[in-house]
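K.L.:
Take a look at this one; I'll ask things after.
The values are calculated or read from the model by the stated rules, or taken from the named source; none is laboratory data. Quick caveat: nothing in here was measured; it's all calculated off a predicted structure. Cβ placement follows ideal geometry from the backbone for every residue including glycine, while neighbour counts extend to all protein chains displayed. Heavy atoms of the whole protein, side chains included, go into the accessibility calculation; ligands, DNA and RNA do not. Shrake-Rupley method; radii C 1.70, N 1.55, O 1.52, S 1.80 Å.
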Amino acid sequence: MGTERAWVYRVEEPHGSAGWRPLGGHSHRWRGKITTDTPRQGAEYAAALVVTDLVTEWKVNGICEQHVRVIVWAGEEGTDPDDAVFTVEIQPRVDTELPIMARFCG
């Protein structure tokens, strides 16, 4: 007891010259809080849980890889990645050896 920690996360997607926006518009699906039980389960652990959920949803729905970033803050959501504890960006794999359709859904 007493070792619980709250991690707040937000998943964003690139939005051209406007920078980044929440994944799915302003959906609350990819924004939330994860409470961990031990000090070893830090911001990286929370981000890994979110990434696992993302990838699972993509596979279930037949969605190809997407370009997203997962931002994790301690306690409460900040304003941008600069005040985050951890940020991870996922980019689609681009393999120039494959035909164009295979690159997107490969």
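K.L.:
Could you count how many residues in the range 14-54 are charged (D, E, K, R) and within 11 Å of V70 (Cβ to Cβ)?
P.N.:
Result for the range 14-54: 3.
K.L.:
Considering only the range 14-33, I want to know if a residue exists there that is in contact with a helix residue (DSSP H, G or I) (Cβ under 8 Å, 6 or more places away or on another chain), part of a helix (DSSP H, G or I) and aromatic (F, W, Y).
P.N.:
Looking through the range 14-33, at least one residue is in contact with a helix residue (DSSP H, G or I) (Cβ under 8 Å, 6 or more places away or on another chain), part of a helix (DSSP H, G or I) and aromatic (F, W, Y).
Results for (1) aliphatic (A, V, I, L, M); (2) at pLDDT below 90, shown as yes or no for each residue.
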residue: A47; (1), (2): yes, no
residue: V50; (1), (2): yes, no
residue: I63; (1), (2): yes, yes
residue: Q66; (1), (2): no, yes
residue: V70; (1), (2): yes, no
residue: W73; (1), (2): no, no
residue: E77; (1), (2): no, no
residue: M101; (1), (2): yes, yes
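K.L.:
Could you please let me know if T3 is touching a Ser or Thr at 6+ places or on another chain (Cβ under 7 Å), outside any helix (DSSP H, G or I) and surrounded by fewer than 14 Cβ atoms within 10 Å (Cβ to Cβ)?
P.N.:
Criteria met by T3.
K.L.:
In addition: Find the residue count for the range 68-93, including only residues that are out of contact with any helix residue (DSSP H, G or I) (no Cβ under 6 Å at 6 or more places or on another chain) and open to solvent by 60 Å² or more (accessible area, probe 1.4 Å).
P.N.:
Total meeting the criteria: 8.
K.L.:
Please identify the pairs in which a residue from the range 75-103 that is over 20 Å from V51 (Cβ atoms) and among the hydrophobic types (A, V, I, L, M, F, W, C) has its Cβ atom under 6 Å from the Cβ atom of a residue that is exposed (fewer than 10 other Cβ atoms within 10 Å of the Cβ) and modelled with pLDDT under 65, counting only partners at least 6 apart or on another chain.
P.N.:
Once the first residue is over 20 Å from V51 (Cβ atoms) and among the hydrophobic types (A, V, I, L, M, F, W, C) and sits in the range 75-103, no partner that is exposed (fewer than 10 other Cβ atoms within 10 Å of the Cβ) and modelled with pLDDT under 65 comes close enough.
K.L.:
Are there any pairs, at least 6 apart or on different chains, whose C-beta atoms fall under 6 Å, with the first in the range 38-61 and within 14 Å of F86 (Cβ to Cβ) and the second at pLDDT 90 or above and open to solvent by 80 Å² or more (accessible area, probe 1.4 Å), and if so, which?
P.N.:
Pairs that qualify, where the first residue is within 14 Å of F86 (Cβ to Cβ) and the partner is at pLDDT 90 or above and open to solvent by 80 Å² or more (accessible area, probe 1.4 Å), are A43/V85.
K.L.:
Search the range 34-67 for residues being assigned to a loop (DSSP other than H, G, I, E, B) and under 24 Å from T3 (Cα atoms), and hand back the single one that is least open to solvent (accessible area, probe 1.4 Å).
P.N.:
G42
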